[in-house]
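The values are calculated or read from the model by the stated rules, or taken from the named source; none is laboratory data. All of these numbers come straight from a predicted model, not from anything done at the bench. Note: accessible area is taken over every heavy atom of the protein model, side chains too, but ligands, DNA and RNA are not part of it. Shrake-Rupley method; radii C 1.70, N 1.55, O 1.52, S 1.80 Å.
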Amino acid sequence: MKKSQLFLIIIGVASVVALYALPKIVVDNEGQNTVGENQTENSPSTSANTMHENELSPEKEATLAQLKAKAVAGSETISEDMRQLASLYQEKGKYDSAAYFLSLAANQTNDLSLAEETGNAYFEAFTFALDQEKVAYLAGQTRDYLNRVLDNDPTRMDLKSKIAMTYVSSANPMQGIAMLREVLAEDPQNEDAIFNMGILSMQSGQYKKATERFEELIRYHPDNLQGQFYLAVSYFEADQKNKAKAQFEKVKGMTQDAMILESVQSYLDRL
């Protein structure tokens, strides 16, 4: 499971609202910069770009410093170096720094796979951002790089779903909702789109609709742990206590992660 997915599960529904800064809408009624760890190219400055920073081993920190120096100097093997550097920053928990270094390589080539990596990295940073200026910047970068791939291959509904979520946090949220509906019209079983529509229903307090979305999600994708968890939370919030209890017990049987189990137990204790 990706760190951002685990993060969503552990912090619970209340933080999903802050994470995406979503508007309260009904969704289902038919500059100059240096290369640094805390900045991204042309991005607004912030005091922190992640929820926390992970420690790397001294050896990995040394490798990171060497690769960063090569980036500043202009490396002949920029794509390979930037991918390695981005991987270290992701491990370190600095997701926008990872995206920035990938963008250095992506902007020097026409490699669509690298553009996709960069867009996905910016999207991951976007999911962690809380400052609204930072959210807007990372959303724009996500769209820039993923649209390069989508323009070449319009069938990539997974990328369209991510782009849609960046619009949901913007001044034009209905554009994002419309895009998610377009994805579902094209691919009714699309995992990301169904999940995101469920999250949006939760955010707007439409817990009955959210249960329908997550029931649909796990019917098609039973191994989606996030969907299983949020279905239980939706039952809980919709005051369907028996279903919530059974669903939380089901989630307990799907993972051995201590933090997830602790989150599940906190809900069970309230039933």
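Based on alpha-carbon atoms, the Kirkwood radius and the radius of gyration of region 80-213 give Rg/Rh equal to 1.00. Entry comment: accessible area of region 131-271 is 45 Å² per residue, from protein heavy atoms only and a probe of 1.4 Å.
Close Lys pairs in region 158-271 (alpha-carbon distance under 18 Å; sequence gap of 8 or more, or different chains): 8.
Decide, for region 164-222, between rounded, prolate and oblate: order the square roots of the alpha carbon gyration tensor eigenvalues as a ≥ b ≥ c, take rounded if a/c falls under 1.5, and otherwise choose prolate if a/b is larger than b/c, else oblate.
oblate
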